[in-house]
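The values are calculated or read from the model by the stated rules, or taken from the named source; none is laboratory data. Fair warning: this is a prediction, and the values are worked out from it, not measured in the lab. All Cβ positions, glycine included, derive from the backbone under ideal geometry; neighbour counts span all protein chains shown.
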Amino acid sequence: MSIGGMNMTSKTAITLLFAVLPWCAPARADELAGKSQYLKICSACHQADGRGVPDAFPALAGNAFVQGDARSVAAVPLLGRGGMPNFSKRLDDATLAAILSYVRSAWGNTASPITAEQIAALRAELHIDAADSARPGNMH
């Protein structure tokens, strides 16, 4: 078997795969969680493909703002903006980070992830209370 021009046995390839897999799995799980939450919470307005609805809900795919400063991006769902509601009471830091990280890397976007710690720090800076985990139901 040849991988990247290197010859290796199947046993070596499998050993290498299992050595690398633990570092890949958490990132993939976070991506899937972010996508799942995006589809559940955000796609009704911004659409599953991130293209939005013209003159109503902005496209997130290819959006320079979404791919820009992480603090500015995270402030939008925490504070609301334009017609977008404030999600600070409904989304905890981990969920918000997963959604924003997904949006920043989906549909050809190439921005770095946002961490739950960054969201928590921004909440503290803006004096925004933690999300209310007892608040069920529709996110809108």
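Brief remarks on what is shown
- Residue within segment 79-93 that is in contact with an Asp or Glu (Cβ under 9 Å, 6 or more places away or on another chain), surrounded by fewer than 17 Cβ atoms within 10 Å (Cβ to Cβ) and not charged (D, E, K, R) present: no
- Residue match in segment 103-122 (condition: closer than 24 Å to ASP49 by Cβ and without any contact (Cβ under 8 Å) to a residue 24 or more places away in the chain): no
- With respect to the conditions (1) part of a helix (DSSP H, G or I); (2) modelled with pLDDT of 95 or more; (3) hydrophobic (A, V, I, L, M, F, W, C); (4) surrounded by 12 or more Cβ atoms within 10 Å (Cβ to Cβ), ALA124 lacks only one, and its number is (4).
- For segment 99-117, a residue qualifies if it is part of a helix (DSSP H, G or I) and either surrounded by 18 or more Cβ atoms within 10 Å (Cβ to Cβ) or touching a Gly at 6+ places or on another chain (Cβ under 9 Å) (or both), and the qualifying residues are ILE99, LEU100, SER101, TYR102, VAL103, ARG104, SER105.
- Any hit, segment 101-114, residues being aromatic (Phe, Trp, Tyr) and under 16 Å from the mean Cα position of the chain (by Cα): yes
- Looking across segment 55-79, the residues that are in a helix (DSSP H, G or I) and either among the hydrophobic types (A, V, I, L, M, F, W, C) or closer than 17 Å to GLY108 by Cα (or both) come down to ALA70, VAL73, ALA74, ALA75, VAL76, LEU78, LEU79.
- Extreme residue, modelled with the lowest pLDDT, among residues of segment 22-62 that are of a type in the set (Gly, Ala, Ser) and crowded, with 16+ Cβ neighbours inside 10 Å: ALA33
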